[in-house]
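Bear in mind that the values in this text are calculations on the coordinates, not laboratory data. Worth saying up front: this structure is predicted, and the values here are computed from it rather than measured. Please note: Cβ atoms are built from the backbone with ideal geometry, for glycine as well, and neighbour counts cover all protein chains shown.
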Amino acid sequence: MLVADYDIVFQEVPNETTLALNISDCPHHCPGCHSSYLWQPVGDVLTTEWLQSMLERYPYLTCVSIQGGDRDYHEVEHYAAWIKQHGFKSSWYTGFAKLPDDLRLNCFDFIKVGPYIEALGGLRSKTTNQRFYRVADGALHDMTDVFWTE
């Protein structure tokens, strides 16, 4: 997986200070995508050493969100498990319409699923097709409505 860029964010995962890793080489190419620069394979290879250095650089983090990585969701699982083993919450933003049947949910604390469909809007829209879940006890608990402002 290639990390095109990253940011410290406060809105991607509610109530968490999150290191958001933007993974490139997205296979979905959603019309209206706000991050079409991630369609190409650009950036640096994600490693646990690089991730460890980021966690040390930003000691106030509570969560790491992998934004993409859909070409190899098993690698996403690997990093999500590593993140949890190091005391942080893990999140995955995926453009899959449906999660893979063999996805190990226990690797994650949060998952956003769904391709961006411009006519339906993103997570802030009540008409969105995208869902944001908290993972607990091996199940997905929908909490999409926390993004709705009205």
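Can Asp7 be described as out of contact with any strand residue (DSSP E or B) (no Cβ under 6 Å at 6 or more places or on another chain) and either in contact (Cβ under 8 Å) with a residue 60 or more places away in the chain or under 20 Å from Ile111 (Cα atoms) (or both)?
Working: out of contact with any strand residue (DSSP E or B) (no Cβ under 6 Å at 6 or more places or on another chain): no; either in contact (Cβ under 8 Å) with a residue 60 or more places away in the chain or under 20 Å from Ile111 (Cα atoms) (or both): yes.
No.
Going through (1) out of contact with any Pro (no Cβ under 7 Å at 6 or more places or on another chain); (2) exposed (fewer than 12 other Cβ atoms within 10 Å of the Cβ); (3) touching a residue at least 12 places away in the same chain (Cβ under 8 Å); (4) under 22 Å from Cys26 (Cα atoms) one by one, Glu118 falls short only on (1). For segment 100-115: of the residues being buried (at least 16 other Cβ atoms within 10 Å of the Cβ), assigned to a loop (DSSP other than H, G, I, E, B) and of a type outside the set (D, E, K, R), which is farthest from the chain's Cα centre (by Cα)? Only one residue tops the list, namely Leu103.
Summed over segment 121-135, the residues that are without any contact (Cβ under 8 Å) to a residue 24 or more places away in the chain, part of a strand (DSSP E or B) and more than 20 Å from Cys26 (Cα to Cα) give a count of 1. In segment 55-75, the residue that is surrounded by the fewest Cβ atoms within 10 Å (Cβ to Cβ) out of those that are over 12 Å from Ala20 (Cα atoms) and in contact with an Asp or Glu (Cβ under 8 Å, 6 or more places away or on another chain) is Arg71.
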